[in-house]
Amino acid sequence: MKEKVFDLKNKALEELKTLSKEADVLNCKAKYLGKKSELNEFLGSLKELAVDEKKIMGPLLNQTKKELEEAFSHKLEEINNQISYDFDETLPIYVETGSMHPITLVTKEMTDIMKKMGFTVVSGPEMEEEYYNFEALNIPKDHPARDMQDTYYLSNGKLLRTHTSPNQVRAMQKYGAPLKVCAPGRVFRNEDMDANHDTTFFQIEGMVIDKGISISNLIYVMRSLLSETFKKDVKVRLRPGFFPFTEPSFELDCSCLICGGKGCPTCKNSGWLEFCGCGMVHPNVLRESGIDPEEYTGFAFGFGVTRIAMMKYKISDIRVLNSGDVRSLQEFEIE
Amino acid sequence: MLISCNRLKKYIKNASDIDFLTIWDDFTLRVAEVEGVTVKGNDMDNVVTAKIVACEKHPESEKLSLLKVSDGEKEYNIVCGAPNVRVGLIGALVRDGGMVSGFKIKTRKLAGYPSEGMMCAVDELGIGTDHEGILELPSDTPIGVDFKKMYPVEDIIVEIDNKSLTNRPDLWGHYGIAREVCAITNHELLPLELLELSNDKKDLEIKIHNPELCKRYCGLKIENLQNNKTPLDMQIFLYYAGMRSINLFVDLTNYLMLELGQPMHAFDARVVKSIEVKLAKEKDTYTTLDGVERVLSKDTLMITNGDEYFGIAGVMGGLDSEILPDTNSIFLESACFDAGSIRKSAVRLGLRTEASARYEKSLDPNMCDVAIKRLAYLLKQENPDMEIVSNLTDVYPNPLTEKIVVLKKDKLQTYTAIHFSDDQVVASLESLGFKVKVLEDAYKIIVPTYRATKDVSMDADIIEEIVRLYGYENIKEIPLKLELTGKEEDTIWNKEYDVKKYLATRYSLNEVHSYLWYDSSLLKACHLEKTGVTLLGKNENNLLRDDLSLSLLPVVKNNLKNVDKLGIFEIGTVIVDNENKRRLSILLADDESKMMNLYYQAKEIVVSLFKSLKHIQVDFKKGKMFSYYNENLSNEIIVNKKAIGYVHVFNGECVRYIGKKKAMVAIEIDFDKYVDEDANEILYENISKYPNVTLDYTILTSKDFKYDELLKILKPFNNKYVKEYRLVGTYEDKEVKKYTMRYILGSEEKTLETKEIDKFKEKFMEHVAKNGLDILS
């Protein structure tokens, strides 16, 4: 009998849990606590029991009744507290969101990292003077880079900068040494357009000038910068390169971001990805910017933000970036 | 550039110690980028030298012959379609089960007769392009010998990225590459075998008119040349290195270019009178070896023969002096021209040749005579009876001498943070051909002329040589302590980002990037005659934009093909009065009927932008920047009494350009001014402890009465308790317009009394009535 009472209580409580309407709760209450309820029958049959059993069952039945009454009134209170509104609460949600350009997002991320490393963000003009784009960077008059077919020359004797490196000279002339600057910006090349080439793309320039700056420091800064950017331990290596404004000049490779250096199709099984050009700032460039190359040394690097954005977001056609097509740009919601 | 390892081995002592398959990773790290390594000869198998011992015509075919071919042990039946088959010919036979160019050859029936292999043409062997007939080997060739053993078919061909050799004129030939391989593998570079010339004959007539453009010109005349056939091994080398074999004389000049990097030319000596190097006359024409007539300019450096043009210096020769089948005497040219001049000629003529590509890199003039002596040596191997009939005539106005560079030891240490021993420095530099004298605190270095024309001129260049051979990968990284150095410019970048984020999140606008120049078709379609800075040498899309909003119209047009409404923005450069200006443009587009919403949305964006990011209240004043904007709806944006931009509505032509019935509103803000405008400081204001009174008045006006006019009436109404008044609602029907104005009254000193409020009401009603308007009660 004891078990029966327990079962009854559990059954009532279980049933109560499933109910959410007042009427159902009241019906349920009548079923378990009403005059014809099983519990009431048990109470009625109490007097027929032996004295010993009566002593046990009496309090148990009363306790059970009390508990159930409390549970029902609690449930009723809960239901009465719910304000009922009459509408379809299952409609879908559509959120209209704006977007920032992938270049903006990547540039922000990279300049934030570089700021943490102590770089100041500077900028310079897109329409630039030949002096800053070439002469001051030790690029002589007959250098192929100065050909019409690579550079957009303008009717006013200026040009559209072909790289962000003019910012090196502008920053050195403005602030002098020591100096740690980075300069994100848009650059222009007179090129035929295809999936990998656009006339207009973005770079970030970086430069450190101080006493005693060495190639070892360059390697440190580049490895730290890339590891933070790609959020993994990246290895870097230098190869001989050639740029008129650095000496020695390097091509910098980073360990393949896909395979980590084991070799895969992305890195053509070499384990390395060509990342950027860099080098020790050429003494002529320092001199031209009013810095004594016997006292100061420094390094500079420049890499394509457009390429990083394409790698990061797996954009296969560069032309998407300047298309202004919101169908593709909309995906880049604010982080 | 393609490099043959077979060739390299000839210049390196104990080359067999070097694994030519694996050194190229090191080469990439130490010298220049290797793009690919290809193993040659794997696709040839079971090919032997063999002689045709019988040859008869196929009974039913015009072209086919039935051959019996012997490899010395066995005779094979071969059906062959080549025209040059004959008894006695020795060629290359691929036997049954063998392979050429990757194709398996098996015995099979051809035109009814069994063919137990194939006699091969040069192209089938994968060692050239010739397919005129089967390969003919010299008549003294032993038969039955493995073809791969007899000729250098097996090779490793390395492709080096030309771009990575831009500043290394010494690496445009195999010998220079071999020098680097020696330096990185610690081997000895062998000297080249040259023909020493006695120079006891007469000089040739050679004259340089422009010594600044022609640094040196060497000539040599050789006669009695009987053999003009290039040996097969040289043909194979030329083919592997990417050149076509023509005849021995021409091939040797190409060979020298591939070996030393020195372009050479062989003229038929019968036509040479006297050689001069001078500039062309403007607009003269000249037909080059490739049969194309070219227009010259006064800057084109020419080789002339007497009075006639003979070749474009450093670029290409002409047809007149071409080597012919009966040529038996040649005039050899080995010259050095100015890099810039040759590059410009080549670009101007649209004719980049192997020669011009090398001259552009600033070749070493001291290579000219060496190349001639080398060519003479090689030519004599094939023509033992040749006669040298002139002196090696050398016109060299300003000989280039070795350069001396001093490198301070502490500078080397500063650049690298590595301590190099004197021995290390000397060994690495000497392996590259530099001579080094060790001083107490410096090195005095003599730079060989093949490195001195361009890339090595100062101490930093020497540091590069030492460190690249040491290995960049062996440099340990050293942390660089960088203090924070915030400069004022930081803020520009931040502000751009803040505005972009605000527009994207608050107003769900999409950031776009567009080009710095106008789309010509836009200007044309809208009949806009804009002037400004243009891109030189371009006829289309060549005008730099001076109005960012206008330049975004093509973007709007393209997007409206896919969506009905649009909100985009860009922060970008425009060029105004020859100056770079930074602008923010926001463009909103929607259906024509939504113009009013769009217009107020644009104004809201402007107000909200300045209020949220600068705490500045903006005003609007009628005004526009260009004629293609609507006169009535366009407004100047006024911030702190200065114009900072515009809210523009496009006029008809620009809307028609879109091709759809759309309303477009543009915001154009001078972003430089935006950045410069200081944000207002936020000061705490006490909130009055006395309650405010809110009074709403609905003012009835005529249909065409604008809020602006209402404001003019309400503004002069003064009452000291008015804290604020603003428009809270409008209603419009066919006849009338209603404006509901809310007045908030209050005082910092007391709770307003009923009589004060009543007095306000009375005065206000009076003021409105006086101005001819009704207030609805």
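The values are calculated or read from the model by the stated rules, or taken from the named source; none is laboratory data. For clarity, every value in this text was computed on a predicted model and none was experimentally measured. Note that we place each Cβ from the backbone using ideal geometry, even for glycine, and neighbour counts take in every protein chain shown. The accessibility values were calculated without ligands, DNA or RNA, using every heavy atom of the protein model including side chains. Shrake-Rupley method; radii C 1.70, N 1.55, O 1.52, S 1.80 Å.
Shape analysis of the stretch A:2-81 places it in the prolate category; the axes a ≥ b ≥ c from the Cα gyration tensor give an a/c of at least 1.5, with a/b above b/c.
Round to the nearest 10 and give me the degree value, 0 to 90, for the angle of helix B:248-260's Cα axis relative to the longest principal axis of chain B. That works out to roughly 60 degrees. Remark on the stretch B:645-777: Rg and Dmax equal 20.9, 62 Å (Cα only).
Rounded to the nearest 20, the Cβ-based charge dipole of the stretch B:45-153 about its Cα centre (Lys and Arg +1, Asp and Glu -1) stands at 280 debye. With an a/c value of 1.5 or above and a/b not larger than b/c for the gyration tensor axes a ≥ b ≥ c computed over the alpha-carbon atoms, the stretch A:102-329 is described as oblate. Building the convex hull from the alpha-carbon atoms of the stretch B:102-161 and averaging its projection over directions returns 6.4 nm². The Cα center of the stretch B:402-443 and the Cα center of the stretch A:162-234 differ in position by 30 Å. Over chain B, Cα pairs under 8 Å with separation of 6+ residues give a relative contact order of 8 percent. Convex hull volume of the Cα atoms of the stretch B:147-231, normalised per residue: 226 Å³. Computed from Cα positions, the angle between helix B:422-431 and the longest principal axis of chain B comes to roughly 70 degrees. Taking every residue in A:195-201 and counting other chain Cβ atoms within 10 Å of its Cβ, the average works out to 2. For chain B, the mean residue ellipticity at 222 nm estimated from helices alone is -8000 deg cm²/dmol, where every DSSP H run of n ≥ 4 contributes -39500 (n - 2.57) and the total is divided by all residues, rounded to the nearest 500.
Membrane-span-like helices in chain A, defined here as complete DSSP H runs extending at least 18 Å along the helix axis by their C-alpha atoms with mean Kyte-Doolittle hydropathy no lower than -0.5, are A:102-116, A:215-230; this is a sequence and geometry rule, not a statement about a membrane. Per the Debye formula on identical point scatterers at the alpha carbon atoms of the stretch B:405-508, with no solvent, log10 I(q)/I(0) at q = 0.10, 0.12, 0.17, 0.19 Å⁻¹ is -0.48, -0.56, -0.79, -0.92. Peptides A:123-131, A:215-223 ranked from most to least packed give A:215-223, A:123-131, packing being the mean of other C-beta atoms within 10 angstrom over each peptide's residues. Averaged over residues, the count of other Cβ atoms within 10 Å places the peptides B:727-735, B:433-441, A:199-207 in the sequence A:199-207, B:433-441, B:727-735, highest first. Each residue of the stretch A:237-242 was assigned a 3J(HN,Hα) from its phi angle through the Karplus curve 6.51 cos²θ - 1.76 cosθ + 1.60 (θ = phi - 60°); the sequence is 9, 9, 10, x, x, 9 Hz, with glycine and proline shown as x. Each residue of the stretch B:700-713 was assigned a 3J(HN,Hα) from its phi angle through the Karplus expression (A = 6.51, B = -1.76, C = 1.60, θ = phi - 60°), giving 8, 9, 6, 4, 9, 7, 9, 4, 3, 5, 4, 4, 4, 7 Hz with x at Gly and Pro. Take each peptide in B:581-591, B:22-32, A:7-17, count the other Cβ atoms within 10 Å of every residue, and average; sorted highest first, the result is B:581-591, B:22-32, A:7-17. Surface composition of the stretch A:102-329: carbon plus sulfur atoms contribute 50% of the solvent-accessible area (1.4 Å probe, protein chains only, all chains present). Less than 13 Å Cβ to Cβ from residue B:98, Lys/Arg counted +1 and Asp/Glu -1: what total charge do the surrounding residues give? Net charge in that neighbourhood comes out at -3.
Partner shielding of B:409-415 amounts to 3, given as the average count of beta-carbon atoms from other chains within 10 Å of each residue beta-carbon. Normalised by the number of residues in the stretch A:2-81, the mean separation of alpha-carbon contacts (under 8 Å, six or more apart) gives a relative contact order of 40 percent. The label point for residue B:704 and the one for residue B:615, both projected 7 Å from the Cα toward the Cβ, are 4.5 nm apart. When A:172, B:765, A:117 are compared by accessible surface with a 1.4 Å probe, the order from highest to lowest is B:765, A:117, A:172. A straight line joining the Cα centroids of the stretch A:236-308 and the stretch B:656-720 runs 54 Å. The portion of the accessible surface of chain B made up by carbon and sulfur, rounded to a whole percent, is 47 (1.4 Å probe; DNA, RNA and ligands excluded).
Dividing the summed helix terms, -39500 (n - 2.57) for each DSSP H run of n ≥ 4, by the number of residues in chain A produces a 222 nm estimate of -12000 deg cm²/dmol to the nearest 500. Restricting the trypsin sites (Lys or Arg not before Pro) of the stretch B:623-654 to loop positions (DSSP other than H, G, I, E, B) with no more than 10 neighbouring Cβ atoms within 10 Å leaves B:641. For the protein assembly as shown, the calculated P(r) over all alpha carbon pairs, in 10 Å bins from 0 to the bin holding the longest distance, is 2, 8, 12, 14, 14, 13, 11, 8, 6, 5, 4, 3, 1, 0, 0, 0 percent.
Give, ordered by residue number, each residue of the stretch A:283-330 whose 1.4 Å probe accessible area is reduced by a minimum of 30 Å² on adding the remaining protein chains to the chain alone. When all protein chains are present, A:283, A:294, A:297, A:322, A:324, A:326, A:327 each give up 30 Å² or more of accessible surface. Measuring r between the beta carbons of residue B:680 and residue B:715 and using R0 = 30 Å, the FRET efficiency lands at 0.85. Over the protein assembly as shown, accessible surface divided per residue gives 48 Å², non-protein components excluded, 1.4 Å probe. Could you tell me how far the Cα centroid of the stretch B:153-193 sits from the Cα centroid of the stretch B:237-286, in Å? Distance between centres, Cα-based: 22 Å.
Other protein chain C-beta atoms within 10 Å of residue C-beta, averaged over A:218-230: 2. Between the residues A:56, A:12, A:23, the greatest Cα displacement towards the positive end of the dipole of the stretch A:2-81, with unit charges on the Cβ of Lys, Arg, Asp and Glu, is found for A:56. The solvent-accessible area of residue B:501, taken with every protein chain present and a 1.4 Å probe, is close to 80 Å². Ignoring lysines fewer than eight residues from residue B:68 along the same chain, the ones with Cα atoms less than 23 angstrom from its Cα are B:51, B:57, B:104, B:106, B:109, B:148.
Residues whose amide H falls under 5 Å from that of residue B:208, counting only those 5 or more places apart or on a different chain, are B:277, with hydrogens built in the peptide plane. Shown in residue order for the stretch A:268-284 are the 3J(HN,Hα) couplings computed by the Karplus curve 6.51 cos²θ - 1.76 cosθ + 1.60 at θ = phi - 60°: 6, 6, 8, x, 10, 10, 5, 10, 6, x, 7, x, 7, 4, 5, x, 5 Hz (x for Gly and Pro). Of the solvent-accessible surface of the stretch A:2-81, computed with a 1.4 Å probe over protein heavy atoms with every protein chain present, carbon and sulfur atoms account for 51 percent. Using a 1.4 Å probe over protein heavy atoms, the accessible area lost on pairing B with A, summed over both chains, comes to approximately 7100 Å².
Between the helical axis of B:339-349 and the dominant principal axis of chain B, each derived from Cα atoms, what acute angle in degrees is found, rounded to the nearest 10? The answer is roughly 80 degrees. With all pairs of different C-alpha atoms in the average, the Kirkwood value for the hydrodynamic radius of chain B is 35.0 Å.
Multiplying the residue separation of residue B:389 and residue B:529 by 0.36 nm and removing their Cα-Cα distance gives an extension gain of 43.3 nm. Think of it this way: in chain A, A:28, A:182, A:254, A:276, A:278 stand alone, with no other Cys Cβ under 4.7 Å. Among the trypsin sites (Lys or Arg not before Pro) within the stretch A:236-271, those in coil by DSSP and having at most 11 neighbouring Cβ atoms inside 10 Å are A:262. The contact residues of the stretch A:117-136, meaning those that lose at least 50 Å² of 1.4 Å-probe accessible area when all protein chains sit together rather than their chain alone, are A:120, A:121, A:126, A:127.
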